[in-house]
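Asks: Okay, here's the structure, questions in a sec.
The values are calculated or read from the model by the stated rules, or taken from the named source; none is laboratory data. Note that the coordinates shown come from a computational prediction; the quantities given were computed from them, not determined experimentally. All Cβ positions, glycine included, derive from the backbone under ideal geometry; neighbour counts span all protein chains shown. The protein model used for the area step is the full one, side chains on, heavy atoms only, and it has no ligands, DNA or RNA in it. Shrake-Rupley method; radii C 1.70, N 1.55, O 1.52, S 1.80 Å.
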Amino acid sequence: MEKKTNIRWIVVGLLFFATTINYIDRQVIGLLKPYIQDDLHWSETDYGYIVTAFQIAYAIGMLACGRLLDKVGSKLGYSIAIIVWSLGAVMHAAVKSVVGFGVARAVLGLGEAGNFPAAVKTIAEWFPKKDRAYATGLFNSGSTIGAIVAPIIVVSITLQWGWRWAFIITGLLGFIWVVAWWLIYKAPHENPKVNAAELEYIHSDEETEQEKAEEQRKAVTWKQLFRFKQTYAIVFSRFVTDWVWWFFLFWTPDFLNKTHGVDLKATVLPLIIIYFMSSIGGIYGGAVSSQFIKAGRSIDFARKTTILIFALLVLPLNAVPYIHNIWIVVLIIGLATSTHQAWASNIFTIVSDVYPKHVVASMTGISSVGGAIGGALASSFVGLILDLTGSYATIFMIASCMYLLAWLTLKLFVPIRQVNI
């Protein structure tokens with residue numbers, strides 16, 4: 001009797017590295033904000049608008065990427081996305097004005113929008129439902145590993161050659177990944193290394209082949225997806241929580257610099273601690289959910305209970321502006337980033353729980369638009385608040401409550417069972 005192979009975990013590894021590169025590229029500007037701000041004389045509002053340009057483009061990209069991936073497949077769609085975002089990353093080195101940075105961020109955002117729809121679609125193609133949250137947590141931990149590695153790489157390059165080279169060198173990583181992706185990746189039914197036992201396991205909780213073929217022939221529109229209350233609730237939950245992660249990513253170095261006097265070089269260790277903690281949350285969040293299911297609890301109970309547990313852990317964030325010990329601040333922010341990654345592992349999986357495979361990428365894209373719009377609005381809001389008050393207190397207070405609001409929305413409006421489309 002044939003045994004299952006390990007090829008599925010090689011695929012997860014590729015998704016992990018793509019997500020790592022994705023977060024390295026997007027984090028460069030946040031790390032260098034105080035440095036570039038002094039050089040180019042940005043105001044806080046200018047920086048907020050530059051971040052907003054990224055997130056508006058990210059939202060637009062999400063609308064296009066989901067449909068593109070469902071039409072052309074994970075292999076080609078993922079490649080297009082990473083080539084576009086890598087070009088955008090390198091473009092930062094050639095611009096000098098606020099508008100120029102806004103354009104470069106927009107190109108970066110358009111491409112980076114494809115990462116999570118492509119990765120979630122790939123996971124749905126390679127894993128049965130009981131394993132998806134764990135696999136999603138593993139690849140999604142690349143976002144925090146990217147955030148851990150980025151300070152080391154970016155600070156080293158900047159101190160040696162200047163901030164423009166930091167954008168160029170990190171931007172080139174994506175092109176290397178595309179070469180590896182094309183050399184290694186094939187879909188399960190096309191991959192000669194996938195045997196019958198592996199395919200049987202992958203499809204162990206699916207419909208019959210006849211039902212699957214009929215499902216694939218259906219043309220599903222966004223209008224049809226918005227017939228379901230689950231769609232609105234998932235989009236709203238992303239709207240109120242995703243901006244918190246963007247805030248950590250783009251403003252934490254500046255917060256540490258302005259409130260605790262931490263310079264560019266000294267930010268490396270605090271940021272490594274923060275994002276190391278978040279990587280643990282990403283993996284553990286998926287594992288907790290999977291363990292509930294293995295213990296006999298329903299998928300609905302597993303996902304929502306896991307989200308509630310982690311939502312409660314972000315509440316101490318409200319105290320951060322009033323704490324003078326930098327290491328306590330770092331630990332609380334690290335706990336909050338960990339919470340977000342645990343949340344993300346489960347919300348991505350909820351999409352694949354509720355919607356059929358042939359619309360998973362489209363629905364992931366639509367839900368991510370909600371997150372990107374929330375992030376775009378919040379970025380301008382954060383910049384304006386900082387210019388007006390010079391304080392982060394209001395921002396941290398609002399951020400601390402958002403995950404409980406998201407949990408309540410999912411609890412009330414998202415029964416986790418597959419819809420009939």
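Asks: Near the amide H of Y392, under 5 Å away, which other amide H atoms are found, from residues 5 or more places off or on another chain, if H is placed in the peptide plane?
Replies: none
Asks: For segment 75-181, compute the orientation-averaged projected area of the C-alpha convex hull (one quarter of its surface), in nm². The partial results should precede the final answer.
Replies: Working: hull surface 29.0 nm².
Averaged projected hull area, Cα only: 7.2 nm².
Asks: Follow-up. Ordering D38, D387 by how much accessible area each has at a 1.4 Å probe, largest first, what is the list?
Replies: Values: D38 120, D387 75 Å².
Accessible-area ranking of D38, D387, largest first: D38, D387.
Asks: How many percent of the accessible area of segment 96-210 is carbon or sulfur, using a 1.4 Å probe?
Replies: On the way: 3090 of 4590 Å².
The nonpolar share, carbon plus sulfur, comes to 67 percent.
Asks: Report, to the nearest 10°, how far helix 393-413 tilts away from the longest principal axis of the Cα atoms in the chain, using its own Cα long axis and a range of 0 to 90°.
Replies: For 393-413 against the chain, the angle is about 10 degrees.
Asks: On to the next question. Share of segment 4-77's accessible area from carbon and sulfur, percent, 1.4 Å? Can you show the working numbers first?
Replies: Values: 1630 of 2530 Å².
About 64 percent, which is the carbon plus sulfur part of the accessible surface.
Asks: Place a +1 charge on the Cβ of each Lys and Arg in segment 247-381 and a -1 charge on the Cβ of each Asp and Glu, then give the dipole magnitude about the Cα centre in debye, rounded to the nearest 20. Intermediate values should be presented prior to the final figure.
Replies: Details: 7 positive and 4 negative charges, 55 e Å.
With Lys and Arg at +1 and Asp and Glu at -1, about 260 debye.
Asks: Can you tell me the orientation of helix 326-354 relative to the chain, as the angle in degrees between its alpha-carbon axis and the longest Cα principal axis, to the nearest 10?
Replies: Between helix and principal axis, roughly 30 degrees.
Asks: Ok, one more. Hey, what's the per residue convex hull volume over the C-alpha atoms of the chain, in cubic angstrom? Walk me through the intermediate numbers first.
Replies: Working: hull volume 54.2 nm³, N = 421.
So the per-residue hull volume is 129 Å³.
Asks: Now for a different question. Determine how large the accessible area of H260 is when every protein chain is in place; take a 1.4 Å probe and give Å² rounded to the nearest 10.
Replies: Around 50 Å² of this residue is reachable by solvent.
Asks: How many angstrom lie between the C-alpha centres of segment 17-87 and segment 250-318?
Replies: 21
Asks: Mind checking the per residue accessible area of the chain for me, 1.4 Å probe, whole number of Å²?
Replies: On the way: 16360 Å² over 421 residues.
Accessible area per residue: 39 Å².
Asks: Could I ask something else about it? Keeping all protein chains in place and using 1.4 angstrom, which order do F310, F276, F226 fall into by accessible surface area, from largest down? Mind showing how you got there, number by number?
Replies: Working: F310 20, F276 115, F226 70 Å².
Largest to smallest exposure gives the sequence F276, F226, F310.
Asks: Test of the criteria: in segment 224-325, which trypsin sites (Lys or Arg not before Pro) are in a DSSP loop and have at most 12 other Cβ atoms within 10 angstrom of their Cβ? Mind dumping the intermediate values first?
Replies: Values: sites: R227, K229, R238, K258, K265, K294, R297, R303, K304; in loops: R227, R297.
Hits after loop and neighbour filter: R227.
Asks: Translational diffusion coefficient, Stokes-Einstein: compute it for segment 281-330 using the Kirkwood radius over C-alpha pairs as Rh, at 25 °C and 0.890 mPa s, and state it as an integer in µm² s⁻¹. Spell out each step's value before the answer.
Replies: On the way: Rh = 12.5 Å.
After rounding, the answer is 196 µm²/s.
Asks: Nearest 10 degrees, 0 to 90: what angle lies between the long axis of helix 229-260 and the longest principal axis of the chain (Cα atoms)?
Replies: 30
Asks: Kindly sort L313, L87 by accessible area of their heavy atoms, largest first, with the probe set to 1.4 Å.
Replies: Working: L313 70, L87 95 Å².
My answer, sorted largest first, is L87, L313.
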